[in-house]
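> Sharing a structure with you now.
The values are calculated or read from the model by the stated rules, or taken from the named source; none is laboratory data. Nothing here was measured: the structure is a model prediction, and the numbers come from that model. Glycine also receives a Cβ, built like all others from the backbone with ideal geometry; neighbour counts cover every protein chain displayed. These area figures cover heavy atoms from the full protein model, side chains too; ligands, DNA and RNA do not enter into them. Shrake-Rupley method; radii C 1.70, N 1.55, O 1.52, S 1.80 Å.
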Amino acid sequence: DRRGSFLGENMIDRVKKNLERMMKKKQVKAVILRINSPGGTVASSQELYQSILDLRRKFNKPIIALLGDVAASGGYYVASACDRIVAEPGTITGSIGVIFQTGEFHGLLKRYGISFNTIKSGPYKDIGSPMRPMEAEEKKILQDMIDGAYEQFVQAVAQGRRISPLDVRKVADGRIWLGQFARGIAMIDEDTGFKGAVELAKNMRKISGEPKLYWDWDFREE
C-alpha cells in the first residue's frame, strides 16, 4: 500500500514522477531502477507495473530492474515490467503469490467469558472476523478473491518476462529464491549486480566507451 518501504506512502507517485523525469532527458539512454522491497498490495504493485510499461512505450528507452537485498512478491511484480531484471547472487526474490490471513480468537474469548455483539448490513460484512469461526461460504469467497489476484500476478509476470503463464505457474507457488537460482529458472536475466546492470544497459543501447552515470537527484525539479 502507500504506507511503507518501496511501495509506501507517496512512494508510488514519487517513483513514477522520478522515472518519467529521467526518461524525458535526452542524455539518458537507459534507466536502472533499484528495487528493495518485500512487496505491498496488489493494486499498488499493478499501478507501478503499468506505469513502467507505459513509460517504456512512450520513450522507447529500456528500464532495467536492479534487485537489492529483497525484491519479493510485489517487488518482483514491479520488476517483471522492466526490460531486464538483474540481481545479486544472494538477492531474495520470487514469492509469486497472494495471501490473506486472519486469526481466530473466539475459543480464547469464550474461555474468559468475553463475547461480542455484531450489527451488520449484510451477511458478509464481517467476513474474516477473528471473533467467530469462518463459514465455508466465506472461505470460498475469500479463496476466489485470492485466486483472482494470483491469476493477475501470473499473467503480469508472463507478459513482462515474455514466457507462458504455464511456465510461470511452475515456479509461482509462493516460494522465494536466491538470485543465483532465479537466474537458472529464467525469473531474472543476470545475477551480476550493479556493474552488470550498467554493462547490460550499455550493450542494449550500443554505447561505446565508459558510460556517464546519472542519479535521480542529478535532475532536480524545476
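> Which pairs have Cβ atoms under 7 Å, sit 6 or more apart or on different chains, and link a residue in region 145-163 that is without any contact (Cβ under 8 Å) to a residue 40 or more places away in the chain to one that is open to solvent by less than 20 Å² (accessible area, probe 1.4 Å) and not basic (Lys, Arg)?
Matching pairs, first to second residue: Ala158/Val168.
> Related question: Of the residues Lys110, Lys58, which single one is within 25 Å of Asn18 (Cβ to Cβ) and over 21 Å from the mean Cα position of the chain (by Cα)?
Values: Lys110 fails: within 25 Å of Asn18 (Cβ to Cβ).
The unique qualifying residue is Lys58.
> Which is modelled with pLDDT under 95 and open to solvent by less than 50 Å² (accessible area, probe 1.4 Å), of Pro165, Pro211? Steps first, answer last, please.
Values: Pro165 fails: modelled with pLDDT under 95.
Only one candidate passes the filter, namely Pro211.
> Please indicate, with yes or no, whether at least one residue in region 179-189 is of a type in the set (A, V, I, L, M, F, W, C), surrounded by 12 or more Cβ atoms within 10 Å (Cβ to Cβ), at pLDDT 95 or above and more than 23 Å from Thr91 (Cβ to Cβ).
Checking region 179-189: not a single residue is of a type in the set (A, V, I, L, M, F, W, C), surrounded by 12 or more Cβ atoms within 10 Å (Cβ to Cβ), at pLDDT 95 or above and more than 23 Å from Thr91 (Cβ to Cβ).
> Scan region 188-207 and give yes if some residue there is assigned to a helix (DSSP H, G or I) and in contact with a helix residue (DSSP H, G or I) (Cβ under 7 Å, 6 or more places away or on another chain), otherwise no. First the steps, then the outcome.
At the first step, the residues of region 188-207 found to be assigned to a helix (DSSP H, G or I) are 193-204.
Those still in the list that are in contact with a helix residue (DSSP H, G or I) (Cβ under 7 Å, 6 or more places away or on another chain) too: none.
No.
> Right, Ile96: at pLDDT 95 or above and not aromatic (Phe, Trp, Tyr) or not?
Numbers: at pLDDT 95 or above: yes; not aromatic (Phe, Trp, Tyr): yes.
For Ile96, the condition - at pLDDT 95 or above and not aromatic (Phe, Trp, Tyr) - is met.
> Let me ask another. Return the total of residues in region 168-178 being in contact with a helix residue (DSSP H, G or I) (Cβ under 7 Å, 6 or more places away or on another chain) and either hydrophobic (A, V, I, L, M, F, W, C) or open to solvent by less than 90 Å² (accessible area, probe 1.4 Å) (or both). Explain how you work it out, then say what you get.
Quick first cut of region 168-178, residues in contact with a helix residue (DSSP H, G or I) (Cβ under 7 Å, 6 or more places away or on another chain) only: 168-169, 172.
Then drop every residue that is not either hydrophobic (A, V, I, L, M, F, W, C) or open to solvent by less than 90 Å² (accessible area, probe 1.4 Å) (or both), which leaves 168, 172.
Looking only at that region, the number is 2.
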